[in-house]
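Everything below concerns the one structure shown next.
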Amino acid sequence: MKLKRKLLYFLYIAIFRFTPEDYRPYSLFFPAFRRFLVSNFIDSCGKSLRVKFNCDISPNIKVGHSSELGQRCLIHAGVEIGSNVIMGPDVKIYTRNHVFDSLEIPIQQQGKKQQKTIIMDDIWIGANVIILPGITIGSHSVIAAGSVVTKSVPEYAVVGGNPAKLIKVRNV
């Protein structure tokens with residue numbers, strides 16, 4: 001990662017990720033500066049990104065146009081987020097998981113496996129959703145608040161629960 005990107009990432013992580021939201025009268029320029037920092041240190045970013053308070057995001061992600069990263073979200077490296085994606089607070093999107101295949105080796109020593117996680121276009125991810133590694137969320141889907149997504153979600157689906165299950169298909 002270039003020095004400029006590292007510096008912008010440091011400024012965001014150390015200071016500006018904790019600045020107030022735009023609906024606060026004292027927010028001043030902070031939301032715009034958060035957006036500037038994030039759009040310049042992540043791998044790729046579309047126009048009109050919105051970055052909410054205290055997003056813990058990796059610089060190795062891609063985000064499309066007009067998407068919103070929710071308050072206190074956690075986004076691992078290797079996540080691709082499409083355009084017009086909105087997420088509620090406390091969303092967790094993972095790309096790494098522990099390996100636990102061997103019974104002779106402690107889990108801690110077996111390492112981790114990384115899998116790309118893809119969030120397509122026009123998706124609403126509710127508050128407190130957890131999306132596990134290797135999942136693809138199809139376009140125009142809705143993920144209900146509090147869901148744990150353990151399997152890929154087809155387009156136009158509304159899913160919810162733990163583990164997330166199909167509730168209905170949006171009218172096409």
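Since every read-out is calculated from the coordinates, none of them should be taken as a lab result. Bear in mind that the values here come from a model prediction, so they are computed numbers and not experimental data. All Cβ positions, glycine included, derive from the backbone under ideal geometry; neighbour counts span all protein chains shown.
Before moving on, here are some points about what is shown:
- Which of Thr95, Ala77, Cys55, positive extreme of dipole for the range 30-134 (C-beta unit charges): Cys55
- Using C-alpha pairs under 8 Å with a sequence gap of at least 6, the mean separation divided by the residue count of the chain gives a relative contact order of 12 percent.
- Relative contact order [Cα under 8 Å, 6+ residues apart], the range 1-95, whole percent: 20
- Summing Lys and Arg as +1 and Asp and Glu as -1 over all other residues whose Cβ lies under 12 Å from the Cβ of Glu80 gives a net charge of 0.
- Subtracting the Cα-Cα distance of Ala14 and Ile107 from 0.36 nm times their residue separation leaves 30.3 nm of extension gain.
- Extension gain, Ser48 to Thr136: 0.36 nm times the residue separation minus the Cα-Cα distance gives 29.4 nm.
- For the chain, Kirkwood radius (reciprocal of mean inverse C-alpha pair distance, Å): 16.7
- Length gained when the stretch Gln114-Val169 is fully extended (0.36 nm per residue, less Cα-Cα span): 16.8 nm
- Measuring between their Cα centroids, the range 119-147 and the range 22-39 lie 25 Å from each other.
- Using the Cβ-Cβ distance between Ala127 and Leu28 with R0 = 30 Å, the FRET efficiency computed as 1/(1 + (r/R0)^6) comes to roughly 0.70.
- Taking amide H atoms as placed 1.01 Å from N in the peptide plane, the amide H of Ile167 lies under 5 Å from those of Val158, Val159, Gly160, each 5 or more residues away in sequence or on another chain.
- Charge context of Phe41, other residues only, Cβ under 10 angstrom, K/R +1, D/E -1: +3
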